[in-house]
Structures are given as structure tokens and as C-alpha cells.
Amino acid sequence: MTFASGSFTPILTNSLIASRIWTPNWRNGFFSPFNMVHTFASTRSRLLKNKNHYKRLTLSSCSRSFSCQSTALSDINSTSHTVSSNGHLRYGRLMPCPLQNSPPRVEHLVVTKEGPVLEYICKALDLPPLYVEDLIQFGAVYYALVCPKPPPTASPEQIKVYEEVTDPSILRQRTSIKGKTVREAQKTFKITRADEIVEAGTYLRVHVHPKRFPRCYDIDWKSRIIAVTDDYVVLDKPAGTSVGGTTDNIEESCATFATRALGFSAPLLTTHQIDNCTEGCVVLARSKEYCSVFHGKIREKKVKKLYLALAAAPVPIGILTHYMRPINMAPRLVSEDFVKGWLLCQLEVLECKKVPWPSSEIQRTYNLEDCGWALKDFAYECQINLLTGRTHQIRAQLAACSAPVVGDSMYMPAAIAEIVCPGSNPFGKNKKLYSNENDKSLAIDEWIAQHGKEPSVAVGLQACQISWDDGQHCYGARLPWWR
């Protein structure tokens, strides 16, 4: 079924979906991860004065919280904890950045009468206008012309609302979706202005508690700039920050803060990613054109990345090969044996030397988490040439070799579990034979449960050098935090 095509202007977001929605169990996966989002290019500016109406999908959500505390903001009081009429906390503004993250909260609304998006959200969620304006500026409000299909975990009431607003007889009356398939009309886009008008039937997703990055406010960003050229900026990214932001927070990112530190009018653009808990070299493009150029160099394998990893145990010199499960959620599972459809992961360990374990003072400074590793006299600093660039690749591969990265609260607990009870890892060298797929599936679920949460600030991992075009451009980071 196809339905006057609407006008959408594409912009590129630099992160995947961060919050798991429509399901109370975050490990069940994402609702729909989109890398491309659009601005809502409405040409209408009128504000309706009549009472707004809406239908609300009270759907549960769950995501990980960011527990880092900002020392620079320690003298600022936290948000008020008074309770509003709907039982949620009463809100003021998103800034200043709170010392602690609020519990995750993602809300889903379906509009039943055209009106300004700001008023709808304020009334539906009992939020003050300034707070909603902040959410929109952070990139925490999304819409779709047609409500996406709920997952199997949705309640009968939620399914009823979905069926009502997506009934073909209703959709045929909406000129905004004529010429589009239902699938096209269900794509999610970002609301970019508080005065946007949303029509009846529009689906809204509001990330009420965006993931926050308080460490952004502790950093002297000018001191982290390695190089500035006409085409790009090379940044020594601090641990505990996001390169380009998250699905619900594009404001507190390295790209945004580096842009401001350099006084640029045009925003810097992300060309590649490293984990939030990793520090080191990242390249930010000064134009869309160079962003595309650098992406091409990555595809053509003209970009070389060297890492320093602080491992809890010695790592053999040479190439390590694993295969990563192609599911876009943490933890990333890797297998030592080839698995059809899984992604090749390769890194080359160039050097591995014994060094002192980080002192207690350094651990406190970088919020390094005690993950239960027994021997803490020495660690092993490894220089690694990353041959394939998968998310969490170094962390997952070293953990699979029983040499997890120091401070890695996600992968170290699983590595310890395999050491204590060989065979816990259904994809490791001590893996068991399973009589049927159900038993193996249960073993995989148990193995996932052995992993911990994402590190709050730092792990022993640094992108120490990046180069491209056969070394014509080569940049290095400062000494790693553990030295």
C-alpha cells in the first residue's frame, strides 16, 4: 500500500539506539536502530490555541545508566525530587549536568489532533516547556508519521491503540503519507525545533532522561586538540565521553565540545568511533565532503589504528582471530571457531610488556571499577594493530583469551567465570557439546548473564596512534592514563 510525499532533510546521527524500548528486558534487543535520522521540515508555523489531545502508549523501557560523577559540578545542587501528579519527578532544566543519572525513562505518544509538539509533550508527560525544549536540543525527541508496530511484549491496550491509528481507512485520509508505503511512513526522524507542528496520528518517542556525560564539563578541550587542518581535526578523546553523542544526547559529545573549543561556526563531524570508555585519537571532519573522503579511506583500508591495551594477563604476540556474533548489542560475543554469518575479527599484538597495576589513586581518579580480578601486582601493556574494526573488538577478543582489559566491568566478569569454570563460554576453547539447540541457546543466555555493565568512565585502552595514506598523515595521543 502506498500513500503526497512529505519533505524530509536527512542528517546523519553518529550513534546507534542507546535505550531499549517496548520491552522490559534490555537484552532482548532494540526496537528499531536507525543510523539515519531526518529533520522535520515543516513549513507551517501556526500554533493552535485549542486544547491538545493525545493518546499515550505507556510502554516500559530500560537502558543502562551512566554513573560517572562530575567533580567540576560538585557544588551544584541536583534536580528537585518533588513528585508530580503522574508519579514522576518534577523537572526544571537539563542543565547544569546532574551529578547522577536519573532512572531510564522513554515515553511513547500518539497524537490525535494537530498541534505544536512542545505543547503535546508538556501536557502528556507533565513536563515544563523549558525542559522539553532542552530535550529537543539534545536530540532526545523523535517522531514517525505512522506509529511503528509494537513488539510481542506490548499489552492488549497498546496493540489496540496501534490498530486504531494505523487502520487503512484512517491512513488514506492523511495527505502527508500519500505516495509512501506504511513502512516508509513508520521510519523514525528527529524533532529539531520546539515549534514544529505534528498532525493527528503522529507517533512521538521522548527520551525523558537522556544518557548524560558529565565528564565533558571536566575537560580542558583545547588541550586535547592534536592537530587542526582545513579538512579535519584530530582529537585526543578523553575516556568517559562519546565521540559523536548518543541517540538521546548529541549535545554532550566530543564533536560538540571540540567545535566550541576551537570557535568553529560549522559543527565537526564524526568520521569513525571508539568506545566511550576508550581514550585516544579520533578524526573529526570539518565538512561533509571530507567526512565522505575519510569514510572511503576506511573502506579501502588506508587507515591504520594502533592501540595500547592494559591487559590483566599476558597476551601472545601475533595475530588473534575470532568471529563476532552479528547482533548489534552488548556484550559482543566472539568465537574462536568459524561460525557461518559471524564477522571476522583480527588484531595483531605487536608487543606485550609487564607493567605495574594502576595505583589506587589512579583508579579513583578514573573511576576504574574493581571487577574481581585476583592478581593485581602487575598488568600487561600490549601494543595492538587493529586489523578489523568491530565494536568492542579488542575488549571482547582479549577477554576471550583470558586476558581482559583492566577495569572492563563488562567483559572481565565473564573472563573470570570461564577461568573459574571452564566451559562456561559456549564459544571458547573449552566449549561443551550440546545435545540440542535449546540447550545451546540456554548456555548462550547464561554466558551473556556472566557479563557485567558498561564501564562508567575508563578502561585500560587507548587509541594511541592513527595514520592514513601510507603514513603521510600520522598522529599520536598523549601518554595513556595508567602511566
Shape verdict for region 359-483, please, from the Cα gyration tensor: rounded (a/c under 1.5), prolate (a/b greater than b/c) or oblate.
oblate
With a 10 Å radius around each residue's Cβ, average the other Cβ atoms per peptide and rank 398-410, 347-359, highest first.
398-410, 347-359
Length gained, Thr153-Asp337, 0.36 nm per residue minus C-alpha separation, equals 62.8 nm
Any residue on another chain or 5+ positions along whose placed amide H is under 5 Å from the amide H of Thr278 is listed here as Gly240
Label points 7 Å out from Cα along the Cβ direction at Lys376 and Thr321: separation in nm?
3.8
Let me check I've understood the local charge: for Thr278, count other residues with C-beta under 12 angstrom from its C-beta, Lys and Arg +1, Asp and Glu -1. What total comes out?
-2
At 7 Å along the Cα-to-beta-carbon direction for both Gln100 and Lys354, put a label point, then send me their distance in nm to one decimal.
4.2
For region 259-364, just say rounded, prolate or oblate: build the C-alpha gyration tensor, square-root its eigenvalues into a ≥ b ≥ c, call rounded for a/c under 1.5, and beyond that prolate if a/b exceeds b/c, oblate if not.
oblate
So how far apart, in nm, are the two label points at Arg183 and Leu442 if each is 7 Å from Cα heading toward Cβ?
3.7
³J(HN,Hα) computed for each position of region 456-467 - Karplus, 6.51 cos²θ - 1.76 cosθ + 1.60, integer Hz, glycine/proline x:
6, 10, 10, 10, x, 8, 9, 7, 7, 8, 9, 8
Sequence-distant residues sharing a close amide H with Ala379 (under 5 Å, placed H):
Val355, Trp357
Taking K and R as +1 and D and E as -1, what net charge do the other residues with C-beta under 14 Å from the C-beta of Gly318 add up to?
-2
Select from region 257-300 those trypsin sites (Lys or Arg not before Pro) which occupy a DSSP coil region and have at most 12 other Cβ atoms within 10 Å, ordered by residue number.
none
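All of the numbers you see were taken from the coordinates with simple rules; none came from a lab. None of these values were measured; they are calculated from a predicted model. Glycine also receives a Cβ, built like all others from the backbone with ideal geometry; neighbour counts cover every protein chain displayed.
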